[in-house]
Amino acid sequence: MASQDWFDKDFYKVLGVSKDVSEADLKKTYRKLARQFHPDSNPGDPKAEARFKEISEAHSVLSDPEMRREYDQVRAMGSGARFQAGGQAGGFEDVFGGMFGGGGQSYGGQSYGGGQSGASFEDLLGGMFGGQAGPGGGPGFRGGPAKGRDLAANTTLDFATAINGETIKLQPAGGRPMNVKVPAGVSDGQKIRLKGKGEPSPNGGPAGDLVLTVTVRKHPVFEREGNNIRVVVPVTFAEAVLGATIEVPTLGGAPVKLKVAPGTPSGRVLRVKGRGVATAKATGDLLAEVQVAVPNRIPEAALAHLEAFAEAMPAENPRDDLIARARS
């Protein structure tokens, strides 16, 4: 998992937390930021989308105890280190050269510390952190069987599949096809670590992991807000004024009936308990936002009644309060 990004990116700073932040506070902070910058809450805002991906990446590393420990070690070891072509000063080789008595050479086919050739960046970090065998297929620096390499994969899911979960077939880069169970309630941009789904160990150790990045397609009717699902429901002017019982669609189920109270304005949200996103920790609701539909064409007889209705109503301007508050 370690990469140049780990030298360049301060995931603690991305989330605005200290290096000794607890798991509970880390989760609380991530949820707050994820709600704030989620693309569903910021439609058409590329900056918010980029910030959401940055937050998700930082949380995926720091929320995993093993990855967080490895990240802290790499950052502490490689402060200021950079990978540079041709073995220029200040590069990765200098860091390991100092650690192994100045014997570290360019990792592109040269030896490091013990004269063994062909050592790559992955070999070095893998050996130090138990993620990969050392040069020549032997055990890493810590000794014992090495863990297999982690693999990365991307998948795009339909909105309903992401909400309900499903077993899908994946073809990871550099790996064999496999069936993977995606849990219910995954969100757009989320990374899922699947233990033991990566490359097998070269010498009898545990298999690596598969890090799956999920993209969720937009739904033509529903939108997700945390664990809630939102849908805009049009009602007629008469239904909004007089009240009515209407049918509201649900995701993957039969429509439900909701009562619209007399005098309901546009924008009012009616809540259906338990018909949102169901995860292992919580179940959201269905939020039906009422939108009064204005007809494009009105028959002459109806128009006459509407004009009579307007004349019979008190002479009130609903914008008076808005204008007064704007001036204050």
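As a proxy for reagent exposure, ranking ASP320, ASP45 by other Cβ atoms within 10 Å from fewest up yields ASP320, ASP45.
Less than 5 angstrom separates the built amide H of LEU270 from those of ALA288, GLU289, VAL290, all sequence-distant by 5 or more or on a different chain.
Here r is the Cβ-Cβ distance between VAL232 and ASP72 and R0 is 45 Å; the resulting FRET efficiency, rounded to 0.05, is 0.50. In this label model, SER266 and ALA48 are separated by 2.0 nm, measuring between points 7 Å along each Cα→Cβ vector.
Beyond a 30 Å Cα-Cα separation, which of these cross-linked pairs lie in this structure: LYS19/LYS169; LYS13/LYS181; LYS53/LYS181; LYS169/LYS273; LYS47/LYS147; LYS13/LYS169?
Working: LYS19/LYS169 38 Å; LYS13/LYS181 33 Å; LYS53/LYS181 23 Å; LYS169/LYS273 33 Å; LYS47/LYS147 37 Å; LYS13/LYS169 36 Å.
Result: LYS19/LYS169; LYS13/LYS181; LYS169/LYS273; LYS47/LYS147; LYS13/LYS169 exceed 30 Å.
Counting neighbouring beta carbons within 10 Å and listing from fewest to most, the residues MET67, MET178, MET313 come out as MET313, MET178, MET67. Each label was represented as a point 7 Å from its Cα along the Cα-to-Cβ direction; for SER328 and GLU316 these points are 1.8 nm apart.
Less than 5 angstrom separates the built amide H of GLY284 from those of GLY276, VAL277, ALA278, THR279, all sequence-distant by 5 or more or on a different chain. Under 5 Å between amide hydrogens, built in the peptide plane, is the criterion, and for GLU166 it picks out VAL182 among residues at least 5 positions away or on other chains. Taking 0.36 nm per residue of separation and subtracting the current Cα-Cα distance, fully stretching the chain between LEU303 and GLU166 would add 44.1 nm. Take every DSSP beta bridge whose two residues both sit in the stretch 151-216; close to 55 percent of them are antiparallel.
Label separation (VAL221 vs ARG176): 4.2 nm, computed from points 7 Å beyond Cα along the C-beta direction.
Look at where the Cα atoms of the stretch 201-240 and of the stretch 241-314 average out, and the two centres are 25 Å apart.
Only the coordinates and a few stated rules stand behind these numbers; no lab work does. Here the structure is a predicted model, which means the values were calculated and not measured. All Cβ positions, glycine included, derive from the backbone under ideal geometry; neighbour counts span all protein chains shown.
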